[in-house]
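Notes to accompany the following structure.
The values are calculated or read from the model by the stated rules, or taken from the named source; none is laboratory data. As the structure is a computational prediction, the values presented were derived from the model and not from experiment. Note: ideal-geometry Cβ built from the backbone for every residue, glycine included; neighbour counts use all protein chains shown. Only protein heavy atoms, including side chains, enter the accessible area calculation; ligands, DNA and RNA are left aside. Shrake-Rupley method; radii C 1.70, N 1.55, O 1.52, S 1.80 Å.
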Amino acid sequence: MSTRCGIGYDLHRLEEGRKLIVGGIELPFDKGPVGHSDGDVLAHALCDALLGAAGLGDIGTHFPDTDPKWKGANSMLFLEHARKLVDEKRLAIEHIDAVVIAEKPKLGPHFPKMRGALAKALSVGPEKINLKAKTNEGVDAIGRGGAIAAYVIATLTSR
Ligand code: MG
């Protein structure tokens, strides 16, 4: 059995009057991500981590933001598709570890629901998904509340 790791990163600017969707869950907040799809940073970084581990390029290759098909798209669709590609390469998702960085709102209380939504999209148990929240200590765009970012590492094994 061989093990493969992939890393993913994403950042979206936050603006007033947009829905804040993180990990497939809508959070009550006055700002949300600017993006072509629903702007779910955690889902996008996770998608890139999976594609990276499978050696399949990146999210932009599979879901170009120039394609009107993906305008306002639910990012859980990206994850479901990435999982299908991972399956086709006969790889299994062993573990996902993620850091989501936002000054506000508090993300931790929403993690159980996010883990459930991500696990469902990936057809794995929620125990395979670990989420961590950080602030940026008031520093930079994220610290000033102008952006949200996520880092994800995915570990896959060949079947
Ligand atoms: Mg993105």
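Rundown of residues vs (1) out of contact with any helix residue (DSSP H, G or I) (no Cβ under 6 Å at 6 or more places or on another chain); (2) of a type in the set (Val, Ile, Thr), yes/no style:
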residue	(1), (2)
Asp10	no, no
Leu14	yes, no
Leu20	yes, no
Ile25	no, yes
Ser37	no, no
Asp40	yes, no
Ala49	yes, no
Gly55	yes, no
Ile59	no, yes
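When you look at Ile25, is it among the aliphatic types (A, V, I, L, M), open to solvent by 40 Å² or more (accessible area, probe 1.4 Å) and modelled with pLDDT of 95 or more, yes or no?
Details: among the aliphatic types (A, V, I, L, M): yes; open to solvent by 40 Å² or more (accessible area, probe 1.4 Å): no; modelled with pLDDT of 95 or more: yes.
The answer is no for Ile25.
Given the conditions (1) open to solvent by less than 60 Å² (accessible area, probe 1.4 Å); (2) out of contact with any helix residue (DSSP H, G or I) (no Cβ under 6 Å at 6 or more places or on another chain); (3) modelled with pLDDT of 95 or more, and given that Gly72 satisfies all but one, which numbered condition is not satisfied?
(3) is the only condition that Gly72 fails.
Can you tell me which residue in segment 13-22 is most open to solvent (accessible area, probe 1.4 Å), limited to those that are assigned to a loop (DSSP other than H, G, I, E, B) and within 19 Å of Trp70 (Cα to Cα)?
It comes out as Lys19.
Of the residues Asp38, Asp48, Asp97, Asp58, which single one is within 28 Å of Arg159 (Cβ to Cβ), touching a strand residue (DSSP E or B) at 6+ places or on another chain (Cβ under 6 Å), within 11 Å of the ligand (Cβ to nearest atom) and open to solvent by less than 80 Å² (accessible area, probe 1.4 Å)?
Details: Asp38 fails: within 28 Å of Arg159 (Cβ to Cβ); Asp97 fails: within 11 Å of the ligand (Cβ to nearest atom); Asp58 fails: touching a strand residue (DSSP E or B) at 6+ places or on another chain (Cβ under 6 Å).
On inspection, the qualifying residue turns out to be Asp48.
Which members of segment 33-54 meet the condition of being in a helix (DSSP H, G or I) and without any contact (Cβ under 8 Å) to a residue 40 or more places away in the chain?
Kept after step one, since they are in a helix (DSSP H, G or I), are these residues of segment 33-54: 41-54.
Once the filter is applied, which keeps residues that are in a helix (DSSP H, G or I) and without any contact (Cβ under 8 Å) to a residue 40 or more places away in the chain, segment 33-54 yields only Cys47.
Which of the residues that make up segment 61-119 are assigned to a helix (DSSP H, G or I), aliphatic (A, V, I, L, M) and either within 30 Å of Gly143 (Cα to Cα) or free of Cβ contacts under 8 Å to residues at least 12 places away in the same chain (or both)?
Within segment 61-119, Met76, Leu77, Leu79, Met114, Ala117, Leu118, Ala119 meet the criteria.
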